[in-house]
Structures are given as structure tokens and as C-alpha cells.
Amino acid sequence: MRRNRGYTLIENIIALTIGAGVVAAAGALVSTSLKVNSRMLQTSRLNEELGNIVSLITSDIQRAGYSGAASIRLTTDPAAVMPFNQPVKVSEFNGEQSDSCIVFTYDRNRNGQLNSAAPNEYFGYRLRDNSIEIRLDGAACDEPGWEDLTDNDIVKVTELRFSLAVMRANRLSWQTVVLHIAGELVSDQRYQRRYTERVRIANAYY
């Protein structure tokens, strides 16, 4: 009877070589996939952190100067005092980048009165120690009493800058604020993001 033959040494070596190649290729693919996923997660984390800040600041600045009693001035008494018709001011905290702080007011509760008691109606944002802070209790740009808005453990803010301009067209004038924000991940400075947004202040009078 014919005896069954096994694999020869050469055949085993070839099979092992092919198997090792397949395992190495699979390992490289998994490693590459993990790196890509990590990069995407890091980028998404940075975009989410800074993107949310940009949305918050721009939507807040758009409300600057709003008053629930504006109709009184327009229809009844043009000389009426408008407590929210204050200019948006830009400056900076001592030692920080120029024009890295903005302060303004608006009528959050729509009662026509500028409330100085908590919750007050003085708003603002500034750069300090690579973090964006939000204004509390009507503090000025160079005063203490602000609170961190960004997470220092996640994002290092490398730029916050506000520039003001008055736009005119068809005998109408309005104020705009151009916002510049840039930051990077604390865990990996290779991941950076920059935003530039132009905000129209609809309630500013000129």
C-alpha cells in the first residue's frame, strides 16, 4: 500500500515564512489603524473644545447692547437713557496679548434695567495664562474675579484677540467684532486649531 507523505522541511519553512508575513502585515495594519484613530480622536477633542468656545463667545457678543426697553426709545422717548447702549470695550489683562479681553452688557432678563446684582448683566471674555476666562461680577479686564472657561488639562490657548470696526452701508452703521482664537492640545502640541469669526452687533447704535 502507498504510504501517506507528510510535509517536507522546505515546505514547512515556506509555510512558516508566509504565516509570519501575514501576521506581520496584520500587526502593521492594526498599528496604523490605532494611530489614525488616535489622531482623529485628538483632533476631534481639540475641535470640539475650541469650537464650543467660539460658538459661545460669538453668540454672546451678538447680544451686546440689547435692551428689553428699546421700543420705548424708538417709539415714545428718543431721549430716554439706554443703560445697555454702552460701547463694547477691548483691552487686555496686564502682561497678556494686546486686545485679548472684551467686555460688554446686554439685558439678559429683558426688564430694561442694568442689573449689577447676581446674576448681573456684565459680560466679557479674556485671555490669561493660556486660558480663556469669563467675566464675573462686572470685573474689569485688569481685575481679578474672572473664571476659567477652557480646561487647562486639555487645551492651551495660544491666541485670543478681538478687533472692533464700524461698517457703513446705505446710511446705516453697525459695529462688528472680529474674533481670533488659536489653541493646541496640552498632551500633544502637534494638534493645533485656529478660528476667525466676524460678529455683527445688531444692537449697537451709531
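What follows is calculated from the coordinates using simple rules that are stated; it is not laboratory data. Since we're looking at a predicted model, the values are computed, not measured. Virtual Cβ from ideal backbone geometry, glycine too; neighbours counted across all protein chains shown.
What is the diffusion coefficient of the range 39-201 in µm²/s, taking the Kirkwood radius over Cα pairs and the Stokes-Einstein relation at 20 °C with a viscosity of 1.002 mPa s? For these conditions, the coefficient is 126 µm²/s. For Val199, the amide hydrogen comes within under 5 Å of the amide hydrogens of Val177, Val178, Leu179, counting only partners 5 or more places away or on other chains and with H modelled in the peptide plane.
Taking 0.36 nm per residue of separation and subtracting the current Cα-Cα distance, fully stretching the chain between Arg171 and Ser98 would add 23.1 nm. Full extension of the chain between Leu164 and Ile18 yields a length gain of 45.9 nm, computed as 0.36 nm times the residue separation minus the alpha carbon distance.
Length gained on full extension, Asn152 to Ile10: 45.1 nm, using 0.36 nm per residue less the C-alpha separation. Placing a pseudo-label 7 Å from each Cα along the Cα-to-Cβ vector at Ser187 and Arg108 gives an inter-label distance of 3.3 nm.
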